[in-house]
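Take a look at the structure set out below.
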Amino acid sequence: MRILVVEDEKRLAEVIKKGLVEEGYSVDVAYDGAEGQYMAESASYDLVILDIMLPKKDGVTVCQELRIRGINIPILMLTAKDSVEDRVKGLDSGADDYLVKPFAFSELVARVRALLRREALSKASKLQVGDLVMDTLTREVWRGDKKIELTTKEYALLEYFMRHPNMVVTRTMLMEKVWDYDFEGLSNVIDVYIRRLRLKLDEEGEESIIETVRGAGYRLRES
């Protein structure tokens, strides 16, 4: 899952990013509203954490303009204001939830999980490609009767493949969805993770469920 944090307080932004990365998310950060809106429109995110009081363009305006442009990903608003009027204004702009500063990081994570869970339910709680099954609520993966134990990044990579079965997935697509902008040397790392998935998913001697499409990328095929 990839999250965009738009927060002008750099120390807070870095604390949020570090904590979310430790929870297994890929995180990008923008420090003003204009940059945040550009990033939200340019890349594919699963959730945006958006401060209201931002330089260049405030969070309410950013939220409104994202919704006008048809970008309907979950948005969690952050603000130091605690009045009912401010909360209503934020939610009316198109935000999905609202969190007042200062907040406990555990509450932020709980709200992030709730919004992502709600989004996952609207898509599908269970994904299946052939005999490979993923439960996005319990985060369990099975191939036939065998339960597959995955790391957080392996799970995120496989989930992306399973949401795009039989489709060629390029390294660029994986960079944009599973990793973040700050990651360097990504091409080799993607290959490493693909090998790890193959070792865990495939039976010895059989053709891999994740096939290499020469010169293009990879494809998860139905076995």
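The values are calculated or read from the model by the stated rules, or taken from the named source; none is laboratory data. A quick note: this is a predicted structure, and the numbers were derived from the prediction, not measured. Here the Cβ positions follow ideal geometry from the backbone for every residue, glycine too, while neighbour counts run over all protein chains shown.
Going by the structure shown, is residue 26 in the same structural domain as residue 110 (by TED's automatic domain parsing), hydroxyl-bearing (Ser, Thr, Tyr), loosely packed, with under 14 Cβ neighbours inside 10 Å and within 24 Å of residue 179 (Cβ to Cβ)?
On the way: in the same structural domain as residue 110 (by TED's automatic domain parsing): yes; hydroxyl-bearing (Ser, Thr, Tyr): yes; loosely packed, with under 14 Cβ neighbours inside 10 Å: no; within 24 Å of residue 179 (Cβ to Cβ): yes.
Spelling it out, it is not the case that residue 26 is in the same structural domain as residue 110 (by TED's automatic domain parsing), hydroxyl-bearing (Ser, Thr, Tyr), loosely packed, with under 14 Cβ neighbours inside 10 Å and within 24 Å of residue 179 (Cβ to Cβ).
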Quiz item: Which residue pairs have Cβ atoms under 9 Å apart, sit 6 or more places apart or on different chains, and have a first residue in the stretch 173-186 that is on the phi < 0 side of the Ramachandran plot and a second that is at pLDDT below 60 and in a helix (DSSP H, G or I)?
Solution: 174/186; 175/186; 179/186
Quiz item: Quick check, is residue 149 surrounded by fewer than 13 Cβ atoms within 10 Å (Cβ to Cβ), acidic (Asp, Glu), within 30 Å of residue 5 (Cβ to Cβ) and outside the structural domain of residue 27 (by TED's automatic domain parsing)?
Solution: yes
Self-check item: Meets criteria (under 14 Å from the mean Cα position of the chain (by Cα), farther than 15 Å from residue 177 by Cα and either assigned by TED's automatic domain parsing to the domain that holds residue 66 or crowded, with 21+ Cβ neighbours inside 10 Å (or both)) for residue 10
Solution: no
Practice problem: Would you point out the residue of the stretch 30-54, among those that are surrounded by fewer than 19 Cβ atoms within 10 Å (Cβ to Cβ) and polar (S, T, N, Q), that is farthest from the chain's Cα centre (by Cα)? | Solution: 42
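So that you can scan it fast, the table gives a plain yes or no per residue for (1) in contact (Cβ under 8 Å) with a residue 24 or more places away in the chain; (2) part of a helix (DSSP H, G or I):
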{"residue": "38", "(1), (2)": "no, yes"}
{"residue": "44", "(1), (2)": "yes, no"}
{"residue": "64", "(1), (2)": "yes, yes"}
{"residue": "76", "(1), (2)": "yes, no"}
Quiz item: So how many residues does the stretch 66-97 have that are in contact with a Lys or Arg (Cβ under 9 Å, 6 or more places away or on another chain), aliphatic (A, V, I, L, M) and at pLDDT below 85?
Solution: 1
Exercise. Considering only the stretch 1-28, state which residues are within 21 Å of residue 110 (Cβ to Cβ) and part of a strand (DSSP E or B).
Key: 2, 3, 4, 5, 6, 26, 27
